[in-house]
Amino acid sequence: MRLSPYVIHSALVGLYYTVIATVLSCCLAFPIAFIVGILRVSRSRTVRGCAMVYVEGIRGASPIVELYWAFFVLPLIGIRFPPLEVGVLVLGLVGGAYASEAVRGALLAVDRGQWEAGLSLSMSRSSTVLRIVLPQAIPTMLPIFQNVAIDMLKGTSLLSLVTVTELTRTANELGTVGVMSFSSGYGALLVIYFLLSLPIMAGMAKLEKYTARYQSKFVRRPRS
């Protein structure tokens, strides 16, 4: 395979859209995860039920089907989004649904005494969650958030189905016109997706170390 200017330009365009879609999806997914995860531990059965319907509804459907509905069906009722926005919306909603379970689990894993401490100080339940429980739960969430972010990176390959020229669509187009073989293109994709996942893993590792140091300053350990 010869790296002609056309191949290099096409690869850079595909890389750009892959990175943009991943970053924007994460920016959408993680705030959703925090909001929905906190709602899942609400005292209100209605609030918990609505949050659960969102999570189970999103996780129970295939992302490909969700992309199809967002891109092809919604325009039939007058709701239209550009292809990249459709992809970011679907990936963000899916990632947020999965990551919200990490938030819920981490919140419930915090010692019950921490919840009771906030309530004993006359803090509301929401203030207790945001100011006492959530900071302690964040380190537990980060490994799952890393997995979700990497899944969204790999999930950008699905955006080729809605005409977004990301890396997978670029490899398919180059293979179709005979510029490179499909085996070479998909072999390159294996390496590129792996290299793109490295900054995510490195960033999350640094964030885990930072939160561990932050926690050690404010959480008093019992004396031996």
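Whenever a residue of the range 59-87 is within 15 Å of A97 (Cα to Cα), its partners that are surrounded by 14 or more Cβ atoms within 10 Å (Cβ to Cβ) and aromatic (F, W, Y), lying with C-beta atoms within less than 7 angstrom and at least six residues away or across chains, give the pairs R59/Y98.
Considering only residues that are small (G, A, S) and closer than 14 Å to S127 by Cα, which ones fall in the range 28-44? It would help to see each step written out before you state the result.
Here is the first cut: in the range 28-44, the ones small (G, A, S) are 29, 33, 37, 42, 44.
Result: S42, single match.
Has the range 128-149 got any residue that is under 29 Å from I8 (Cβ atoms) and touching a Phe, Trp or Tyr at 6+ places or on another chain (Cβ under 9 Å)?
Looking only at the range 128-149, we keep the residues that are under 29 Å from I8 (Cβ atoms), and these are 149.
Among the residues that remain, those that are also touching a Phe, Trp or Tyr at 6+ places or on another chain (Cβ under 9 Å) are: 149.
Checked the range 128-149: at least one residue is under 29 Å from I8 (Cβ atoms) and touching a Phe, Trp or Tyr at 6+ places or on another chain (Cβ under 9 Å).
Only residues that are in a helix (DSSP H, G or I) and over 15 Å from S42 (Cα atoms) were counted across the range 117-130, and they come to 3.
Which one is farthest from L74 (Cα to Cα) among residues in the range 132-186 that are of a type in the set (V, I, T) and not in a helix (DSSP H, G or I)? In this case the residue turns out to be V179.
Let's see how each residue does on (1) of a type in the set (S, T, Y); (2) exposed (fewer than 14 other Cβ atoms within 10 Å of the Cβ); (3) at pLDDT 90 or above:
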{"residue": "L28", "(1), (2), (3)": "no, no, yes"}
{"residue": "R45", "(1), (2), (3)": "no, yes, yes"}
{"residue": "A51", "(1), (2), (3)": "no, no, yes"}
{"residue": "P82", "(1), (2), (3)": "no, yes, yes"}
{"residue": "V94", "(1), (2), (3)": "no, no, yes"}
{"residue": "Y98", "(1), (2), (3)": "yes, no, yes"}
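Residues that are loosely packed, with under 14 Cβ neighbours inside 10 Å and on the phi > 0 side of the Ramachandran plot do occur in the range 155-177. For the range 34-62, taking the residues that are among the basic types (K, R) and assigned to a helix (DSSP H, G or I), the one that is farthest from G92 (Cα to Cα) is identified as R45. Taken as a whole, the range 118-131 holds no residue that is over 30 Å from A202 (Cα atoms), of a type in the set (V, I, T) and surrounded by fewer than 19 Cβ atoms within 10 Å (Cβ to Cβ).
Consider E56 carefully, then state whether it is among the acidic types (D, E) and either surrounded by 13 or more Cβ atoms within 10 Å (Cβ to Cβ) or at pLDDT 95 or above (or both). Let's see the steps before the verdict.
Details: among the acidic types (D, E): yes; either surrounded by 13 or more Cβ atoms within 10 Å (Cβ to Cβ) or at pLDDT 95 or above (or both): no.
When the stated conditions are applied, E56 does not pass them.
The values are calculated or read from the model by the stated rules, or taken from the named source; none is laboratory data. Treat the numbers as computed from the prediction; the structure is a model and nothing was measured. Positions of Cβ are backbone-derived with ideal geometry, glycine not excepted, and every protein chain shown enters the neighbour counts.
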